[in-house]
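Colleague: Dropping a structure here in structure tokens format, bear with me for questions.
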Amino acid sequence: MVLAAEAAPGVPILDARMDLPSIALSAAAVVAAYLIGSIPWSVLIARLLGGPDPRTVGSGRTGGANVLRAYGPAVALVSGLLDASKGIVAVLVARWLGLGPVAESLAGLAAIVGHSRSIFLGFHGGRGVSVGWGALLVLSPIVAAVVTIVFAAIVVISRYSSLGSLTGSAVGGLLLAALSISGGLATEYLIYAVGGAALIWLFHLDNIQRLAAGTERRIDRGS
């Protein structure tokens with residue numbers, strides 16, 4: 001079965017042709033991306049070090065802010081890089097298989113969902129920021145660099161990791177969308193631009209409520 005997209009005269013044709021084996025391979029890549037995203041690196045590191053589970057600290061999530069509270073910046077950096085690698089690997093697998101930008105985008109989103117709703121942690125986990133950044137690094141290193149600067153600046157100024165994550169994901173989504181629409185990147189990356197930012201904001205709903213109420217935890221506090 002072949003699906004084809006026709007274009008008007010003078011307008012480039014968007015190649016939307018996919019046969020059943022390609023669709024099946026894309027689906028398998030997305031499932032694999034979810035499983036890769038589900039790997040709870042911070043919990044595994046905590047068990048290796050014999051220290052507190054990050055889920056017993058701060059927000060009760062597995063993300064970098066809680067690892068920072070429990071173990072300090074060095075361990076938090078290692079944990080964050082390992083989480084970012086999940087997004088990197090998920091997108092690269094789809095790319096290496098030649099599945100195209102739609103599958104790459106969906107793989108990145110699946111990795112974020114896996115991290116936040118890990119099958120290995122009873123469908124709990126982190127908020128997907130590091131994983132989402134890793135996927136973005138493959139799709140657009142320039143946008144990922146801008147997001148890094150924005151995130152760092154907001155966190156340094158406010159001491160709110162969540163505010164940096166929310167702002168960074170919004171800026172990253174807007175920039176990636178702009179590049180996709182303008183033709184600087186594949187148009188299909190718009191899927192990740194919108195979906196990635198939406199997922200990260202969704203998984204930060206409780207943080208947003210606390211920010212609005214003035215009760216959000218700062219990264220330099222143990223609470």
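The values are calculated or read from the model by the stated rules, or taken from the named source; none is laboratory data. Source: prediction; values computed, not measured. Glycine also receives a Cβ, built like all others from the backbone with ideal geometry; neighbour counts cover every protein chain displayed. These area figures cover heavy atoms from the full protein model, side chains too; ligands, DNA and RNA do not enter into them. Shrake-Rupley method; radii C 1.70, N 1.55, O 1.52, S 1.80 Å.
Colleague: LEU82 fails exactly one of the following numbered conditions: (1) open to solvent by 40 Å² or more (accessible area, probe 1.4 Å); (2) more than 24 Å from PRO54 (Cα to Cα). What is the number of that condition?
Modeller: (2)
Colleague: I'm checking my understanding of the structure. Among residues of the stretch 171-182 that are within 24 Å of HIS115 (Cβ to Cβ) and of a type in the set (A, V, I, L, M, F, W, C), which one is surrounded by the fewest Cβ atoms within 10 Å (Cβ to Cβ)?
Modeller: LEU174
Colleague: Going by the structure shown, is LEU68 open to solvent by 30 Å² or more (accessible area, probe 1.4 Å), at pLDDT below 95 and closer than 28 Å to ARG217 by Cα?
Modeller: In short, yes.
Colleague: Still on this model: In the stretch 44-58, how many are aliphatic (A, V, I, L, M) and under 14 Å from SER130 (Cβ atoms)?
Modeller: Of the residues in that region, 1 qualify.
Colleague: Which of the residues that make up the stretch 146-161 are part of a helix (DSSP H, G or I) and open to solvent by less than 50 Å² (accessible area, probe 1.4 Å)?
Modeller: VAL147, VAL150, ALA152, ALA153, ILE154, VAL155, SER158, SER161
Quick grid of which residues meet (1) hydrophobic (A, V, I, L, M, F, W, C); (2) touching an Asp or Glu at 6+ places or on another chain (Cβ under 9 Å):
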position	(1), (2)
ALA32	yes, no
PRO52	no, no
SER59	no, yes
VAL67	yes, no
ALA76	yes, no
SER85	no, no
LEU92	yes, yes
PRO101	no, yes
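Colleague: Another question, then. Could you check the stretch 183-203 and list, in sequence order, the residues that are surrounded by 18 or more Cβ atoms within 10 Å (Cβ to Cβ) and of a type in the set (Phe, Trp, Tyr)?
Modeller: TYR189, TYR192, PHE203 - these are the residues of the stretch 183-203 that are surrounded by 18 or more Cβ atoms within 10 Å (Cβ to Cβ) and of a type in the set (Phe, Trp, Tyr).
Colleague: Determine, yes or no, whether GLY100 is at pLDDT 95 or above, surrounded by 22 or more Cβ atoms within 10 Å (Cβ to Cβ) and under 30 Å from ASP19 (Cα atoms).
Modeller: no
Colleague: Tell me which of these SER130 doesn't satisfy, since it passes every other one: (1) outside any helix (DSSP H, G or I); (2) open to solvent by 20 Å² or more (accessible area, probe 1.4 Å); (3) of a type in the set (Ser, Thr, Tyr).
Modeller: Every listed condition holds for SER130 apart from (1).
Colleague: If you scan the stretch 209-223, which residues turn out to be within 18 Å of SER116 (Cβ to Cβ) and open to solvent by 50 Å² or more (accessible area, probe 1.4 Å)?
Modeller: GLN209
Colleague: Also, quick follow-up: So which residues in the stretch 111-123 are within 10 Å of the chain's Cα centre (by Cα) and open to solvent by 10 Å² or more (accessible area, probe 1.4 Å)?
Modeller: Within the stretch 111-123, VAL113, HIS115 meet the criteria.
Colleague: Also, quick follow-up: Would you be able to say whether some residue in the stretch 162-170 is open to solvent by 40 Å² or more (accessible area, probe 1.4 Å), assigned to a helix (DSSP H, G or I), over 22 Å from ALA213 (Cα atoms) and in contact (Cβ under 8 Å) with a residue 24 or more places away in the chain?
Modeller: The answer is no, given that none of the residues of the stretch 162-170 is open to solvent by 40 Å² or more (accessible area, probe 1.4 Å), assigned to a helix (DSSP H, G or I), over 22 Å from ALA213 (Cα atoms) and in contact (Cβ under 8 Å) with a residue 24 or more places away in the chain.
Colleague: Going through the stretch 22-58 one residue at a time, which ones are outside any helix (DSSP H, G or I) and open to solvent by 40 Å² or more (accessible area, probe 1.4 Å)?
Modeller: Those that are outside any helix (DSSP H, G or I) and open to solvent by 40 Å² or more (accessible area, probe 1.4 Å): ILE39, GLY50, PRO52.
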